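Q: Below is one structure. I have some questions about it.
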Amino acid sequence: MVNCIVKDWDGKEAGKTELDLRVAREENAQHIVHRALVRQLANARQGTVSTKTRSEVRGGGRKPWRQKGTGRARAGSNRSPLWRGGGVIFGPKPRDYSQKMNRKERRLALRTAFQGRLDDLVVVENFASQLSQPKTKDLLAALARWDVDANQKVLLIVADQDENVWLSARNVQSLRLILATNLNVFDLLNADKVVVTADALEKIKEVYGDD
């Protein structure tokens, strides 16, 4: 069990909250998180790239020249992979890259990845009410008060979607905003800092708690 300091909008300590998630054993943690990451990246691939083989390329039915007597190399089709405009040898074809992983393993990997970012985790109070209108400048100022460098890759996790928060965050290139229910391994590992609201942290413990 770990106690996390909760900061308010002004960057001052407003209380504490507990984080106690069941994670993988130390000897297996890296392996299971890596598997979950590879699965997520593989499942994001469309697999729609395609090339034509020599049998699929248009034309090539007539022998370009006679077999002997021309002084040139033998050729049976102008759609040979050796020719310009010909087919492709062993080119990519549409395929399914998706990988399977048990639900319990996926959730265990997610909890392990989240708990592993404790050193870079900043817990703040829900600040949606502080933004009466979309204001990127105010959000950046709040990040600075929370000791978060906006030039780094920052993952901001909120409990519920708020239009003012979303509009304020979308112009910050290094800031990624997600809901607690959309937590994923890639975003957790890719961020330099993880900022989570207290409500989002409670939802994470509720949704991704022990199976």
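Q: One residue is enough: does the range 203-210 have a residue meeting the conditions under 19 Å from the mean Cα position of the chain (by Cα), among the hydroxyl-bearing types (S, T, Y), buried (at least 18 other Cβ atoms within 10 Å of the Cβ) and part of a loop (DSSP other than H, G, I, E, B)? Full working, then the answer.
A: Keep residues of the range 203-210 that are under 19 Å from the mean Cα position of the chain (by Cα), which gives 204, 208.
Filter again for among the hydroxyl-bearing types (S, T, Y), leaving 208.
Restricting the remaining residues to those that are buried (at least 18 other Cβ atoms within 10 Å of the Cβ) gives 208.
Narrowing further to those that are part of a loop (DSSP other than H, G, I, E, B): 208.
Yes, the range 203-210 contains a residue that is under 19 Å from the mean Cα position of the chain (by Cα), among the hydroxyl-bearing types (S, T, Y), buried (at least 18 other Cβ atoms within 10 Å of the Cβ) and part of a loop (DSSP other than H, G, I, E, B).
Q: Would you check if T53 is open to solvent by 80 Å² or more (accessible area, probe 1.4 Å), among the β-branched types (V, I, T) and closer than 30 Å to D96 by Cα?
A: Details: open to solvent by 80 Å² or more (accessible area, probe 1.4 Å): no; among the β-branched types (V, I, T): yes; closer than 30 Å to D96 by Cα: yes.
Answer is no for this residue.
Q: Could you tell me whether the range 30-41 includes any residue that is surrounded by 13 or more Cβ atoms within 10 Å (Cβ to Cβ) and outside any helix (DSSP H, G or I)?
A: no
Q: Within the group Q173, Q133, which residue is more than 18 Å from the chain's Cα centre (by Cα), surrounded by fewer than 14 Cβ atoms within 10 Å (Cβ to Cβ) and on the phi < 0 side of the Ramachandran plot? Can you show your working first?
A: Numbers: Q173 fails: more than 18 Å from the chain's Cα centre (by Cα).
Residue meeting the stated conditions: Q133.
Q: Something else now. Here are some conditions: (1) more than 30 Å from A44 (Cα to Cα); (2) in contact (Cβ under 8 Å) with a residue 12 or more places away in the chain. Q99 meets all but one. Which one does it not meet?
A: The single condition Q99 does not satisfy is (1).
Q: Continuing with this model, one more query. Could you identify the single residue in L110, L19, L41, L37 that is in contact (Cβ under 8 Å) with a residue 12 or more places away in the chain and in contact with a Cys (Cβ under 6 Å, 6 or more places away or on another chain)? Quick ask: steps written out before the conclusion?
A: Working: L110 fails: in contact with a Cys (Cβ under 6 Å, 6 or more places away or on another chain); L41 fails: in contact with a Cys (Cβ under 6 Å, 6 or more places away or on another chain); L37 fails: in contact with a Cys (Cβ under 6 Å, 6 or more places away or on another chain).
One residue alone meets the criteria, L19.
The values are calculated or read from the model by the stated rules, or taken from the named source; none is laboratory data. The shown structure was predicted, so the numbers you read here are calculated from the model rather than taken from an experiment. Positions of Cβ are generated from backbone atoms using ideal geometry, with glycine treated the same way; all protein chains shown enter the neighbour counts. The area values use the complete protein model at the heavy-atom level, side chains included, leaving out ligands, DNA and RNA. Shrake-Rupley method; radii C 1.70, N 1.55, O 1.52, S 1.80 Å.
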